[in-house]
Amino acid sequence: MGPPCTSQHCLRSEKRSCELQSEEERTDIFNNFWSMPSWETRKLYIQTLVENVSIKQKKGGVASRRKTSLSYHLQLADRCKLPVCKIIFCSTPGIAPRTIGSWLTVDMKTKTDPPKPKINKTGPHIPISDADQTFLKEWLSGLPTVPSHYCRQVPSYQDKKFVEPGTVLSDLHKEYQEAAGKSGARVVSETYFRKVFSERKYSVFVPKKDQCDVCTGAKVGNIDQDTLTTHMKLKAQAQAEKAKDKQESSDKVSVWTMDLQSVLLCPKTKASKMYYKN
């Protein structure tokens, strides 16, 4: 709750009763306002305490588009409404004047402006057929993907299918357009294409250090199958040992892990494109 009104103009005015508000009454109004169940209820409460009155006196020779004025009131426990200034009206419930102004502006537009008819700018919407949706999903399933190795425990990366790094969705949509044109399927918009791309758990983002050199080398054919099989066995053994240590950890025994790949200070002795890939 903000401070009370100390304006001398309000004190001399016969149309405002700011000085009649005691701190106990303002505290009751504050508590009643914030005990309301929702912001929509608070907004309606504020709107009922503001009246839109017409201007009775205008300055001569001054052109103004203002036709009405706002009259603020505070409601006491006995349902009696006292006219107050805008300062104490905003400070008593502790709401910024800009917020109250936006609530009142929306309320006035709703009351005065007639509802605007909806104009369909895009024409009638043609639903996408099941065959066209199936073609899009099958085309996406044919994209080469890279499995996630070191982000299995992260919920946002589980079941993710990563497309090759550097892939741009707009270029991917153009390739889809060419394939759909050749097969005679309907070409969906890029917005819908991105939506299905995300729903099917595809992503062009590759986590940093997600691929080790052995797995990446095996994918491009630089690592033989025996080396890859040994590497996969060692990886499974390391994961099992880590899970076992985590289960046996206690107040006296702790488990520490380190990403050795991220603390390398210089490139490997053998120059390899795989080292710089990610």
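The values are calculated or read from the model by the stated rules, or taken from the named source; none is laboratory data. Note that this is a predicted model, so its numbers are computed, not measured. Every residue, glycine among them, receives a Cβ derived from its backbone with ideal geometry; neighbour counts consider all protein chains shown.
Just name the residue that is modelled with the highest pLDDT out of those in segment 189-215 that are part of a helix (DSSP H, G or I) and of a type in the set (A, V, I, L, M).
So the residue we want is V196.
Out of the residues in segment 11-33 that are touching a strand residue (DSSP E or B) at 6+ places or on another chain (Cβ under 8 Å) and either hydrophobic (A, V, I, L, M, F, W, C) or outside the structural domain of P93 (by TED's automatic domain parsing) (or both), state the one that is nearest to Y45 (Cα to Cα).
Among residues in segment 11-33 that are touching a strand residue (DSSP E or B) at 6+ places or on another chain (Cβ under 8 Å) and either hydrophobic (A, V, I, L, M, F, W, C) or outside the structural domain of P93 (by TED's automatic domain parsing) (or both), the one nearest to Y45 (Cα to Cα) is I29.
Looking only at segment 16-43, count every residue that is more than 26 Å from T6 (Cα to Cα) and not in a helix (DSSP H, G or I) and tell me the total.
Result for segment 16-43: 4.
Is there a residue in segment 140-148 that is farther than 30 Å from I46 by Cα, modelled with pLDDT under 80 and assigned to a loop (DSSP other than H, G, I, E, B)?
Within segment 140-148, one or more residues are farther than 30 Å from I46 by Cα, modelled with pLDDT under 80 and assigned to a loop (DSSP other than H, G, I, E, B).
Counting only residues that are touching a residue at least 24 places away in the same chain (Cβ under 8 Å) and not in a helix (DSSP H, G or I), how many does segment 216-248 have?
Matching residues across segment 216-248 total 1.
How many residues are surrounded by fewer than 16 Cβ atoms within 10 Å (Cβ to Cβ) and under 18 Å from K81 (Cβ atoms) if we restrict to segment 5-24?
Total meeting the criteria: 7.
Mind checking which pairs have a first residue in segment 175-188 that is in contact (Cβ under 8 Å) with a residue 40 or more places away in the chain and a second that is loosely packed, with under 11 Cβ neighbours inside 10 Å and in a loop (DSSP other than H, G, I, E, B), Cβ under 8 Å, 6 or more apart or different chains?
Cβ pairs passing all conditions: none.
When both residues are 6+ apart or on different chains and their Cβ atoms are under 8 Å apart, which pairs have a first residue that lies in segment 57-78 and is at pLDDT 70 or above, and a second that is assigned to a loop (DSSP other than H, G, I, E, B) and surrounded by 12 or more Cβ atoms within 10 Å (Cβ to Cβ)?
Listed pairs, sorted by first residue: Y72/L49; Y72/C85; H73/L49; L74/Q21; L74/L49; L74/T92; Q75/L49.
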